[in-house]
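Q: Just dropping this structure here.
The values are calculated or read from the model by the stated rules, or taken from the named source; none is laboratory data. Being a predicted model, the structure only gives us computed values, none of them experimental. Glycine also receives a Cβ, built like all others from the backbone with ideal geometry; neighbour counts cover every protein chain displayed. All accessible areas refer to the heavy atoms of the entire protein, side chains included, with ligands and DNA or RNA removed. Shrake-Rupley method; radii C 1.70, N 1.55, O 1.52, S 1.80 Å.
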Amino acid sequence: MSELLRVEHISYRYDDVYTALKDVSVSFMKGELVAILGSNGAGKSTFFLCCNGVLRPHEGRIFYQGQEISKSRKHNLMLRQGVGLVFQDPDSQIIAGNVESEVSFGPMNLRLPADEVGRRVDKALAQMSIERYRDYAPQYLSGGEKKRVSIADILAMQPAMILLDEPTASLDPQNSDALEGVLSELNREGITIVISTHDVDFAYRIAQRVIVFAQGEIIANAAADEVFASDEMLKRAGLKKPLLYEAFESLQQRFGNLESERKPRSIEEFRTLLENARPAF
């Protein structure tokens, strides 16, 4: 995989009083699905705003597709187009009177031809399975439907990377499961997905890599199994291990080494492990 976005030693302060990010360096590759974990105030949302160009770091540099992002309007627009940001609260992002107008807003601001705008809107609505809501007023949609509209907003801009801030917040289990499926499918289509979440079980199921923030710094950046193996790091970050991870560890402690290529990430994988494993008594 080739590098898509890289931040080098970025720091950000609010009102020169509160330091939200401290010397953060990390890269994201094309086609990755990454989860970012951390307690409230750890710096996750500020990090996203810097990666998307909404905020400009006070120190450090940002590179998109190998090109450093300068202070120019052209470079900032390139970053905003390439790295889409879906906010935690859809109502803070949705502004138009109906779903079609909402999803077409971004492409129209790019001054694209009308037929190209229409093509992008049709594709984004189809990707999010909300074609039937094309003429609906967003305020009458459910929380899960609004979340799909807010993601369609970003998809219509055809970004290479999507940042999602707490995407499952306020969603019921059914809508949360549906959203998880959508994000996995978008990732299979080649879009880099980066998710900020408090839900360690969700992160463990879906992410290939996990990054952990604490007090504005990155304290872990590795494969999910490796990250959740560190009790000391999890304590520092105020995080718990995923339930399936703990269940697997308990089985290993009780029965010895279980035959498994990897720890189960879903309840289906856990059931398969129980059916096929031959524990050493």
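Q: Residues with beta-carbon under 12 Å from that of Y133, excluding Y133: net charge, scoring Lys, Arg +1 and Asp, Glu -1?
A: That works out to -1.
Q: If you line up the Cα atoms of the stretch 18-175 on their principal axes, what length do they span on each, largest first, in Å?
A: The Cα atoms of the stretch 18-175 stretch 46, 39, 28 Å along their principal axes.
Q: Taking a cut-off of 16 Å, what percent of all Cα-Cα pairs in the stretch 67-159 are separated by more than that?
A: That fraction is 53 percent.
Q: Where does helix 267-276 land angle-wise versus the long Cα axis of the chain, in degrees 0 to 90, nearest 10?
A: 30
Q: First select every other residue whose beta carbon is under 13 angstrom from the beta carbon of G97; then total the charges, Lys and Arg +1, Asp and Glu -1.
A: -2
Q: Right, something else. Taking the chain as a Gaussian network, where each spring joins two C-alpha atoms under 10 Å apart, which residue of E102, E68, E189 fluctuates the most?
A: Looking only at E102, E68, E189, the largest GNM fluctuation is found for E189.
Q: Moving to a separate point now. Using the scaling law 2.2 N^0.38 Å as the reference, what is the normalised Cα Rg of the stretch 113-170?
A: Against the empirical 2.2 N^0.38 Å value, I get 1.15 for the stretch 113-170.
Q: I'd like the accessible area for K123: 1.4 Å probe, protein heavy atoms, all chains in place, Å² to the nearest 10.
A: For K123, the solvent-accessible surface is approximately 110 Å².
Q: Considering only protein heavy atoms and a probe of 1.4 Å, how much of the accessible area of the chain is carbon and sulfur, as a whole percent?
A: That share works out to 47 percent.
Q: Using a simple spin-label model with points 7 Å from Cα along the Cα→Cβ vector, what separation in nm is obtained for E3 and V26?
A: 1.6
Q: Mind giving me the FRET efficiency for S101 and M78? R0 is 25 Å, r the Cβ-Cβ distance, nearest 0.05 is fine.
A: Efficiency, rounded to the nearest 0.05: 0.50.
Q: In Å and from the alpha-carbon atoms only, list the Rg and Dmax of the stretch 97-203.
A: 13.7, 43
Q: Which lysines have a Cα lying under 30 Å from the Cα of K235, excluding residues fewer than 8 positions away in the same chain?
A: K22, K44, K263
Q: Sticking with this structure for a sec: What is the mean projected area of the alpha carbon convex hull for the chain, to one decimal in square nanometres?
A: In nm², the orientation-averaged hull projection of the chain is 16.3.
Q: Give the accessible surface of the stretch 84-172 per residue, rounded to a whole number of Å², with probe radius 1.4 Å and ligands, DNA and RNA excluded.
A: Value for the stretch 84-172: 46 Å² per residue.
Q: Distance from a point 7 Å along Cα→Cβ of K235 to each backbone N in the stretch 200-218: keep the residues under 11 Å and list them by number.
A: No residue qualifies, since no backbone N sits under 11 Å from the label point.
Q: Here is a further query. Pick from Q67, Q127, Q253: which residue has the top mean-square fluctuation in a GNM of the chain where Cα pairs under 10 Å get a spring?
A: Q253
Q: Please compute, for the alpha-carbon atoms of the stretch 140-281, the extent along each of the three principal axes and give them in descending order in Å.
A: 56, 37, 28
Q: Next question. Please work out whether the stretch 1-86 counts as rounded, prolate or oblate from its C-alpha gyration tensor, where a ≥ b ≥ c are the square roots of the eigenvalues and a/c under 1.5 means rounded, while otherwise a/b larger than b/c means prolate and anything else oblate?
A: Since a/c reaches 1.5 but b/c is at least a/b, the shape of the stretch 1-86 is classed as oblate.
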